[in-house]
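The values are calculated or read from the model by the stated rules, or taken from the named source; none is laboratory data. All values reported here derive from a predicted model rather than from experimental measurement. Cβ coordinates were reconstructed from backbone atoms using ideal geometry, including for glycine residues, and neighbour counts include every protein chain displayed.
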Amino acid sequence: MTEAAEHDRSRAVLTIMLEDETRVEHERVGQATPGDPSLVERRLERALESLESLGVGATFFAEGRLAAELRRDCWAPLVARHELGSQGLSRTSVARLGPERFGDDAKRGRDALEDASGTAVRCFRAPDFSADGCEPWFGEALATAGYTRDASLRCASLPDDAHDGCFALPGSDGRVIALPMPMLPANLPMAGQKIMFLGSAAFRMLPLPTLRVVFELAEGQGFVPQVLLQLADFDPYGPTGFESETGWRARFEHMLRNTGRDGVHTKLQQLGWRWRFDTVASVVGAP
């Protein structure tokens, strides 16, 4: 790509959830399942290789408990090129933790990741976007825990005081800047309702022309287009961690998790001709 073409590209943010997806899925249905660090490490390696070949940056939002589970040498290749963010230590819903416990969990997650990676962690994303309705104590707790950037909010429109797609997180007294995830309007063909875009399922299943329209729509409303992917999206032919499960429901859920993963790399590559994917920090700024 020429220097002129590079300069002409618009900004976009790529975020990736760095978590033990098998354990997280089981926890959602109340099952206590041991983690599989080797599978997480494999997927992280594949993701970093894919991003390197694409020449793009990303923010990885890690669950803090992985700091004690992954090999320490896994972190250096990530932080050398990308931004490391946190989902807190326990990857627990913000609303479930509540104002008394959330700040402590967020700080402990940041401390654990900083110790493992040797780099500052200043960006946060609430697990499953669970900070909705938790203002203003959510912003106050994040600021107290030492964060300066947040990507937890979902918005159908930006507030009047937004600038370049960002605004001060309510409750943070201006110490934390929010980069919100845009929401799809109801007239787009995704179940006829407002949903988060662009998460893994939407990015995998929507055709490339529709993705371009969604990016342009977000820009037209003042947002910075933002994509959220899973580690497994970069390892479409690898083990899933669910091979031992049986029954029609398990097989159906397995199909939904994996449909379209073999096209993720190509979609990022094609969109990259128009949009320059990078970290949350590249938009919000540092520290």
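Kindly list the number of the only condition in (1) free of Cβ contacts under 8 Å to residues at least 60 places away in the same chain; (2) crowded, with 23+ Cβ neighbours inside 10 Å; (3) in contact with a Ser or Thr (Cβ under 6 Å, 6 or more places away or on another chain) that fails for residue 60.
The number of the failed condition is (3).
With respect to residue 98, is the statement that it is touching a Phe, Trp or Tyr at 6+ places or on another chain (Cβ under 9 Å), assigned to a helix (DSSP H, G or I) and either among the small types (Gly, Ala, Ser) or within 23 Å of residue 286 (Cα to Cα) (or both) true?
Here the answer is yes, as residue 98 does meet what is asked.
Restricting attention to the stretch 103-114, does a residue exist that is buried (at least 17 other Cβ atoms within 10 Å of the Cβ), without any contact (Cβ under 8 Å) to a residue 40 or more places away in the chain and in contact with a strand residue (DSSP E or B) (Cβ under 9 Å, 6 or more places away or on another chain)?
yes
Please enumerate the residues belonging to the stretch 41-64 that are of a type outside the set (S, T, N, Q), in contact with a helix residue (DSSP H, G or I) (Cβ under 7 Å, 6 or more places away or on another chain) and in a helix (DSSP H, G or I).
Across the stretch 41-64, the qualifying residues are 41, 43, 44, 46, 47, 48, 54, 64.
Scan 88, 103 and give me the residue that is in contact with a Leu (Cβ under 9 Å, 6 or more places away or on another chain), in a helix (DSSP H, G or I) and at pLDDT 95 or above.
Exactly one of 88, 103 is in contact with a Leu (Cβ under 9 Å, 6 or more places away or on another chain), in a helix (DSSP H, G or I) and at pLDDT 95 or above, namely 103.
Which residues, counting only those in the stretch 70-86, are surrounded by 16 or more Cβ atoms within 10 Å (Cβ to Cβ), over 16 Å from residue 279 (Cα atoms) and in contact (Cβ under 8 Å) with a residue 40 or more places away in the chain?
70, 75
If the requirement is being within 16 Å of the chain's Cα centre (by Cα) and modelled with pLDDT of 75 or more, which of these qualifies: 22, 59?
Criteria check complete, one pass: 59.
Could you give every pair whose Cβ atoms fall below 8 Å, whose first residue belongs to the stretch 155-169 and is among the hydroxyl-bearing types (Ser, Thr, Tyr), and whose second residue is surrounded by fewer than 17 Cβ atoms within 10 Å (Cβ to Cβ) and at pLDDT below 95, counting only separations of at least 6 or pairs across chains?
Once the first residue is among the hydroxyl-bearing types (Ser, Thr, Tyr) and sits in the stretch 155-169, its partners that are surrounded by fewer than 17 Cβ atoms within 10 Å (Cβ to Cβ) and at pLDDT below 95 give 157/221.
Take the conditions out of contact with any Lys or Arg (no Cβ under 9 Å at 6 or more places or on another chain) and of a type outside the set (Lys, Arg) and apply them to residue 127. Does it pass?
Considered against the rule, which asks whether it is out of contact with any Lys or Arg (no Cβ under 9 Å at 6 or more places or on another chain) and of a type outside the set (Lys, Arg), residue 127 comes out as no.
Need the failing condition index for residue 74 against (1) part of a helix (DSSP H, G or I); (2) under 18 Å from residue 281 (Cβ atoms), just the number.
(2)
Taking the conditions exactly as written (assigned to a loop (DSSP other than H, G, I, E, B), in contact with a Gly (Cβ under 8 Å, 6 or more places away or on another chain) and either within 24 Å of residue 13 (Cα to Cα) or polar (S, T, N, Q) (or both)), does residue 158 satisfy them or not?
Spelling it out, residue 158 is indeed assigned to a loop (DSSP other than H, G, I, E, B), in contact with a Gly (Cβ under 8 Å, 6 or more places away or on another chain) and either within 24 Å of residue 13 (Cα to Cα) or polar (S, T, N, Q) (or both).
Which of (1) under 29 Å from residue 232 (Cβ atoms); (2) surrounded by fewer than 17 Cβ atoms within 10 Å (Cβ to Cβ); (3) modelled with pLDDT of 95 or more does residue 156 not meet, given it meets every other one?
Here residue 156 meets the rest and fails (3).
Return the pair list, or none, for Cβ contacts closer than 7 Å from residues in the stretch 203-232 that are closer than 15 Å to residue 164 by Cα to residues that are among the small types (Gly, Ala, Ser) and part of a loop (DSSP other than H, G, I, E, B), at least 6 apart or on different chains.
221/157; 222/162; 222/165; 223/165; 224/165
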